[in-house]
1. Quick check: the distance between the Cα centres of region 83-154 and region 176-215, to the nearest angstrom?
2. If you build a Gaussian network model of the chain, linking Cα atoms that sit under 10 Å apart, which residue out of TYR116, TYR214, TYR55 swings the most?
3. How much net charge surrounds VAL191 when only the other residues with a Cβ under 12 Å from the Cβ of VAL191 are counted, with Lys and Arg +1 and Asp and Glu -1?
4. If each DSSP helix of 4+ residues adds -39,500 (n - 2.57) and the sum is divided by the residues in the chain, what number results at 222 nm, nearest 500 deg cm²/dmol?
5. Cβ under 14 Å from ASP141's Cβ, ASP141 left aside: what net charge do those residues give with Lys, Arg +1 and Asp, Glu -1?
6. Excluding PHE233 itself, what net charge comes from residues whose Cβ is under 10 Å from its Cβ, given Lys and Arg +1 and Asp and Glu -1?
7. Have a look at VAL32, VAL87, VAL218 and tell me which one the Gaussian network model of the chain (Cα, springs below 10 Å) gives the largest fluctuation.
8. Take region 120-276, drop everything but the C-alpha atoms, weight them equally and run the Debye formula without solvent; then report log10 I(q)/I(0) at 0.09 Å⁻¹ to two decimals.
Amino acid sequence: MGDSPPVRKPSAYLAQFYLRSTANRPSFTLFVEDEKTPNVYRTLVKRKFKNENVYVFPLGAKSAVIKQFKEWYEEGEQYKDKCLFIVDRDFDFLKGRKLVDNLNLLELTRYTIENYFLDKEVAISLINTYRIELTERQILDKLRWEDWLQEVVDDLTPLFLNFGLAHLHNLGTENCSSNPYGFFQNLEPKVNLAMVDAKCKEVQEKCADKKVEYNKEVGILREKFCEEGEINFHKLIKGKFLFRAMLLNINSICQEKNKKNQHREDALLFDYIAEKLPERRISFLWDRLNDVRAQIE
């Protein structure tokens, strides 16, 4: 997969990083969580820094990335390579967990990298890849972007408030690592409200068992995610759920013309999206890499 190395055990990454630092002097080395989409980061970086080498090490978990950062900070910082450790925002902040303030450690401002994929321009571009005979106005009318997005957010908000509550109080219930497709009806772009209600009821019962005041705690959590009176859904709802909802909506439009039209979640799709994302979505990553480079030049 391009310059990205094959997946290896986390303990091997830092050593390989040092070796490459000495031998090849890569311009940027990124340590990320997601083992499925390392090339997304590489593509995003190469869009801005076209003539520089980029190596991406997927570690599979936030804890693994932080562990590698600590090892680099304690033992390898003298190498002063252009490396960046990137972690998801997720729900850790609910427990008061804060990351060390370091230029080489970046916590996303949204839940996961997939939250940045949720974009109307990207959706239109994906629809147009099938060359269906629709005008731009017709695509926009079928996409119903703002209305559709609000409906999905409204339907998923109770689910993720309950996921957050379960995380905060260690309730031991299935959480947001659940398969997103299970929460959509027959793989259609509509949230399965019965599944959402069942999960919320499960969390409510767990709260009763642990003497947690369910309604009060849900209200407190809602306030934590409110900004100017509105839920910041990109901080609350995991991007995989929102991205899958977008993909199901796109496929439903494309399949009106041909039942075989279907975008599947694979490396090619992620690469395409990484190429098409508007600059405003990813400028934060480019800005941080510029800062990392500036501190050692």
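Only the coordinates and a few stated rules stand behind these numbers; no lab work does. Given the structure is predicted, the values throughout are model-derived calculations rather than measurements. For neighbour counting, all protein chains shown are included, and Cβ atoms are generated from backbone atoms with ideal geometry for every residue, glycine included.
1. If we compute the Cα centre of each part, the gap is 22 Å.
2. Highest fluctuation of the listed residues: TYR214.
3. Values: positive: LYS190, LYS199, ARG244; negative: GLU151, ASP154, ASP155, GLU188, ASP197.
Computed value for this residue: -2.
4. Numbers: 12 runs with 150 residues, N = 297.
After summing the helix terms and dividing by residue count, I get -16000 deg cm²/dmol.
5. Numbers: positive: LYS120, ARG137, LYS142, ARG144; negative: GLU136, GLU146, ASP147, GLU256.
Combined, the nearby Lys, Arg, Asp and Glu give 0.
6. Numbers: positive: ARG110, LYS235; negative: ASP154, GLU230.
Local charge sum for PHE233: 0.
7. In the Gaussian network model the winner is VAL218.
8. -0.35
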